[in-house]
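The values are calculated or read from the model by the stated rules, or taken from the named source; none is laboratory data. Here the structure is a predicted model, which is why all the values come from computation and not from measurement. Backbone-built Cβ (ideal geometry, glycine too); neighbour counts: all protein chains shown.
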Amino acid sequence: MRLLPLIVDTDTGSDDAVALLLAAAGGLGDVRAVTTVAGNVPLATGTRNALISLQAAGRGDVPVHPGCERPMTRPLSTAQQVHGHDGMGDIGLPDPERAARPEHAVDVLLDHPRRHPGELTLVTLGPLTNLAVALLRDRDLLGRYRHVYCMAGAADMHGNISATAEFNVWADPEAARVVLERATPEQVTWIGWDASRKDAVMTPADQLRLEQLGTPMATFAHRVNRTVAEWARDVTGLAGYDLPDPLAMAVALRPELVLEQERAHVGVSLADDTRGQLIVDRRRSAPAPNVTLVRRVDEHGFKELLFNTCALEGQ
């Protein structure tokens, strides 16, 4: 089976780390490069976490390229209250063995698909700053990828950072708007927190199963989500913690997991009181759809992919 060639753009916090395990160690993806962006944590911290995660997956050879240190027009707001000060549950992970590469993430996002047109799948797991800046330099960039999958938004307007907004879009709504203005449903798929909240919740039984696998990757995935589990208990009210970034990665790796999706015209609010809220126009008179929204995913299939990957001993 041919592996899916991937570029992954990430603000690596604890659930991004698990998504990188799926991409790099699950036997489905061929990660060509990882680009990092400020979001869950500051850029330097997220870059460190990406290197650590790839090393945990047995793919420390994958080049990691730092990108934008702040949103396009706003000051940086992180999610360290969710993922821990270090973004990885504050469990004292040692420094990675390798360093990041000097090429800027935006240059990597532009150069790779030019050299391999129509071959690479891009998966974004953080704020869309790097991709938006790249689009301002090449407005046809999205069409140069095989497809672009984004963990972004909440199509049901049930938010996790505010009443109606998901963190990645809220963190840099201007960047999200740039991407949506240039997207088509054939090119771009968004997997939002609404799908994660329904189909990617790690219940206490799931958490125990992950812990009891006992492999280095399973132990890593379980431990780095320690503070996320506490936050979910206190804030979202879910029966466990959810894994939005791994769900988006799973959809990219196995599109057949999607049970329900829709094509719609989607905008994003920049107003203070509704910052980052998706504006999904489903009227018959709405403008042409600009993105595909994934609404439900096969929960069992997703979790089996997660557990089977984490059960591996690494490469």
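Looking at Leu120, Leu125 in this structure, which one is out of contact with any His (no Cβ under 8 Å at 6 or more places or on another chain) and closer than 23 Å to Asn290 by Cβ?
Leu125
What are the residues in the range 268-302 that are within 17 Å of the chain's Cα centre (by Cα) and part of a loop (DSSP other than H, G, I, E, B), if any?
Within the range 268-302, Gly276 is the sole residue that qualifies.
If we scan the range 79-90, do we find a residue that is closer than 29 Å to Ala221 by Cα, surrounded by fewer than 22 Cβ atoms within 10 Å (Cβ to Cβ) and under 17 Å from the mean Cα position of the chain (by Cα)?
Checked against the condition, which is being closer than 29 Å to Ala221 by Cα, surrounded by fewer than 22 Cβ atoms within 10 Å (Cβ to Cβ) and under 17 Å from the mean Cα position of the chain (by Cα), the range 79-90 yields at least one hit.
I need the full set of residues from the range 189-199 which are part of a helix (DSSP H, G or I) and not hydroxyl-bearing (Ser, Thr, Tyr), in order please.
Trp193, Asp194, Ala195, Arg197, Lys198, Asp199
Failed condition for Thr219, given (1) surrounded by 15 or more Cβ atoms within 10 Å (Cβ to Cβ); (2) within 22 Å of Gly126 (Cβ to Cβ), with all others met?
Among (1) surrounded by 15 or more Cβ atoms within 10 Å (Cβ to Cβ); (2) within 22 Å of Gly126 (Cβ to Cβ), Thr219 violates only (2).
Looking at the range 85-105, can you tell me whether even one residue there is within 30 Å of Asn290 (Cα to Cα) and modelled with pLDDT of 95 or more?
Checked against the condition, which is being within 30 Å of Asn290 (Cα to Cα) and modelled with pLDDT of 95 or more, the range 85-105 yields at least one hit.
Looking at Glu181, Glu174, Glu211, Glu186, can you tell me which residue is surrounded by fewer than 21 Cβ atoms within 10 Å (Cβ to Cβ) and part of a loop (DSSP other than H, G, I, E, B)?
Glu186
Could you list, in sequence order, all residues of the range 214-235 that are farther than 18 Å from Arg48 by Cα, at pLDDT 95 or above and touching a helix residue (DSSP H, G or I) at 6+ places or on another chain (Cβ under 6 Å)?
Correct list: Ala218, His222.
Hey, any hits in the range 278-296 for a residue that's touching a helix residue (DSSP H, G or I) at 6+ places or on another chain (Cβ under 7 Å), among the hydroxyl-bearing types (Ser, Thr, Tyr) and either over 27 Å from Pro173 (Cα atoms) or surrounded by 14 or more Cβ atoms within 10 Å (Cβ to Cβ) (or both)?
Checked against the condition, which is being touching a helix residue (DSSP H, G or I) at 6+ places or on another chain (Cβ under 7 Å), among the hydroxyl-bearing types (Ser, Thr, Tyr) and either over 27 Å from Pro173 (Cα atoms) or surrounded by 14 or more Cβ atoms within 10 Å (Cβ to Cβ) (or both), the range 278-296 yields no hits at all.
Residue under question is Leu6, and the condition is that it be part of a helix (DSSP H, G or I), more than 11 Å from Pro66 (Cβ to Cβ) and under 16 Å from the mean Cα position of the chain (by Cα); does it hold?
Considered against the rule, which asks whether it is part of a helix (DSSP H, G or I), more than 11 Å from Pro66 (Cβ to Cβ) and under 16 Å from the mean Cα position of the chain (by Cα), Leu6 comes out as no.
Closer than 28 Å to Ala132 by Cα, over 15 Å from the mean Cα position of the chain (by Cα) and without any contact (Cβ under 8 Å) to a residue 12 or more places away in the chain: is that true of Ala163 in this structure?
yes
If I ask for residues that are more than 21 Å from Gly92 (Cα to Cα), crowded, with 20+ Cβ neighbours inside 10 Å and in contact with a Ser or Thr (Cβ under 8 Å, 6 or more places away or on another chain), which ones from the range 39-78 would you list?
Answer for the range 39-78, where residues must be more than 21 Å from Gly92 (Cα to Cα), crowded, with 20+ Cβ neighbours inside 10 Å and in contact with a Ser or Thr (Cβ under 8 Å, 6 or more places away or on another chain): Val64, His65, Pro66, Gly67, Cys68, Pro71.
Please verify whether the range 267-286 includes one or more residues that are hydrophobic (A, V, I, L, M, F, W, C) and farther than 27 Å from Ala132 by Cα.
no
Taking the conditions exactly as written (among the basic types (Lys, Arg), surrounded by 15 or more Cβ atoms within 10 Å (Cβ to Cβ) and over 18 Å from Pro185 (Cβ atoms)), does Arg233 satisfy them or not?
no
Any idea which of Thr12, Thr47 is among the hydroxyl-bearing types (Ser, Thr, Tyr) and assigned to a helix (DSSP H, G or I)?
When all the criteria are applied, what remains is Thr47.
Could you tell me which residue of the range 50-78 is nearest to Glu166 (Cα to Cα), considering only residues that are part of a loop (DSSP other than H, G, I, E, B), small (Gly, Ala, Ser) and within 18 Å of the chain's Cα centre (by Cα)?
Per the stated criteria, the residue is Ser77.
Restricting attention to the range 99-141, which residues are in contact with a Lys or Arg (Cβ under 7 Å, 6 or more places away or on another chain) and farther than 25 Å from Leu76 by Cβ?
Result: His112, Pro113, Arg114, Pro117, Gly118, Glu119, Leu120, Thr121, Arg139.
Please pick out the residue among Arg263, Arg254, Arg275 that is within 16 Å of Ala195 (Cα to Cα), surrounded by 15 or more Cβ atoms within 10 Å (Cβ to Cβ) and touching a Pro at 6+ places or on another chain (Cβ under 7 Å).
Every option except Arg263 fails the conditions.
Just give me the residues in the range 232-267 being assigned to a helix (DSSP H, G or I) and under 15 Å from the mean Cα position of the chain (by Cα), in sequence order.
Residues satisfying the conditions are Pro244, Asp245, Pro246, Leu247, Ala248, Met249, Ala250, Val251, Ala252, Leu253.
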